[in-house]
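What follows draws every value from the coordinates through simple rules; no lab data is involved. Being a predicted model, the structure only gives us computed values, none of them experimental. Methodologically, a virtual Cβ is constructed for each residue, glycine included, from the backbone with ideal geometry; neighbour enumeration extends over all protein chains shown.
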Amino acid sequence: MKTLFIDCGPQLEIVFRKVHRADDPPVTVNAQPRIEAHDLPRLLDGYDICIDDHSYMPTEQIAQCRSLRHIVFCGTGAASYMDVAALKDIGVAVHTYRGYGDTAVAEHTIALMFACARDVALSDRKIRDGLWQPLEGVQLLGKTLGVIGLGGIGREVARIGAGIGMEVIGWNRTPRPDVAVPQVEIEELLERSDVISLNLLLSDETRGFLDADRVARIKPGAILLNTARGALIDEEALIDALTSGRISRAGLDVFHSEPIKPDHPLAQLDSVTLSPHAAFRTPEASENLIRRALDIVGQVQGMVAV
C-alpha cells in the first residue's frame, strides 16, 4: 500500500524526518502546507492511504480518488475538514487520535487567557503604531475559570488555572467523577465564569454548542477562549457579543474557515486576540502528532496484510 502525507509543510517535514524510523512504512511527503480541493484527485492518484494535517477533503473530490481507502487525520478535528460519515459511505475510513498535545494546547489556552486579560496584543500594536497608551487589564487571581469539556486538554487547563489561584468549575457531556473539578450545569458555568475555556471535540452533537441562546447567558464582561474548533460557536452570535461588549475579550486559535481573512469581523476587533491554529505547535507535541500518524499507517497496513 502506498501512503502520501499530502500537506506536510516545511515545518512538519523536519519533524517527520526526525521521527520516521527505518522500520516504518515508506511515506511520500508533499511539502505544500495548503492543498486546493481540485488538486486532490491528481495528488492522491495511486495512493491507498493519505496522512492529512489540516487540509479540506471534500467528498466530491475524494470520490474521484479511486485507490484511496484510508485518511489518517493528524489529531481529533477531522469533522472540521471532511464529512467523515459520507467518506465512510464511499469506502474511505477516517482515522483520528487524541492526547498527542494536551499540555501544549492547554498552555496555549492559558497564554491566550493572560494575553486577553492584559490586552497584550493590543498594547503591542499600539506601541508599534507610535501610541503609548497603558491599558487597564484584569487580575485573574480569585476569578472563576469555567472549563467546557474535561478531556485531556480541559483537565490540563483546569490544573494550570487552579495553580495560578483561580476558582475552577467544569462541565462535561458525560459527568466525570474521576476529575477533581466541581462540575455544574452548562447554564451555571456560563453565568458564573469570568473566563470560559472551550475544550470540546467537534461532532454532530457539539457543532454550534455555544449557540445564540448560550452566548447570551455568558456573564457580562467575561473572557472567552477557544482552542478547540471554530464550529463549536455560533460565529454571528460571538461577533455580536464582542461588538456590544457583553463578552469583553476573546482569545481564538480556531475559526469556522481557516485561514481567517484579514477583513473578517473577528480580525477587525481590538477585543480579540488571534493565533493561527497553532495551540499544539510545540516540538514535543508535533513529534507525538507525527509519530502517532505513522503508527496508525503501520496498523492499517498490518490489518490489510492480515
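Magnitude of the charge dipole for the range 102-274, about its Cα centre and with charges confined to Cβ atoms of Lys, Arg (+1) and Asp, Glu (-1), is about 380 debye.
Between the Cα long axis of helix 152-163 and the first principal axis of the chain there is an angle of about 30°, rounded to the nearest 10. Considering only Cα atoms, the convex hull volume of the range 102-274 works out to 114 Å³ per residue. Only alpha carbons enter this Debye calculation for the range 1-154, each as an equal point scatterer, and the log10 of I(q)/I(0) it gives at q = 0.12, 0.16, 0.17, 0.18 Å⁻¹ is -0.70, -0.94, -0.99, -1.05.
How high is the relative contact order of the range 102-274, given as a whole-number percent (alpha carbon pairs under 8 Å, six or more residues apart)? Result for the range 102-274 is 22 percent. By the count of neighbouring beta-carbon atoms within 10 Å, fewest first, Met166, Met57 end up ordered Met166, Met57. Against the chain, whose longest principal axis is taken from its Cα atoms, helix 235-244 shows a tilt of about 20°.
Could you tell me how many degrees, from 0 to 90 and to the nearest 10, lie between the Cα long axis of helix 102-117 and the main elongation axis, the longest principal axis, of the Cα atoms of the chain? The helix 102-117 is inclined about 30 degrees to the chain. Our coupling estimate for the range 251-266, obtained by passing each phi through the Karplus curve with A = 6.51, B = -1.76, C = 1.60 and θ = phi - 60°, is x, 10, 10, 9, 9, 4, 10, 10, x, 5, 7, x, 8, 5, x, 5 Hz, Gly and Pro reported as x. Positive-end ranking of Val15, Ala78, Gln32 along the dipole of the chain, with charges on Cβ about the Cα centre, is headed by Val15.
Candidate cross-link partners of Lys261 among the lysines, defined by an alpha-carbon separation under 23 Å and a same-chain spacing of 8 or more, comprise Lys126. Both radii come from the Cα set of the chain: Rg as radius of gyration, Rh as Kirkwood radius; their ratio Rg/Rh reads 1.00.
Placing +1 on each Lys and Arg Cβ and -1 on each Asp and Glu Cβ, with no other charges, gives the chain a dipole about its Cα centre of roughly 560 debye.
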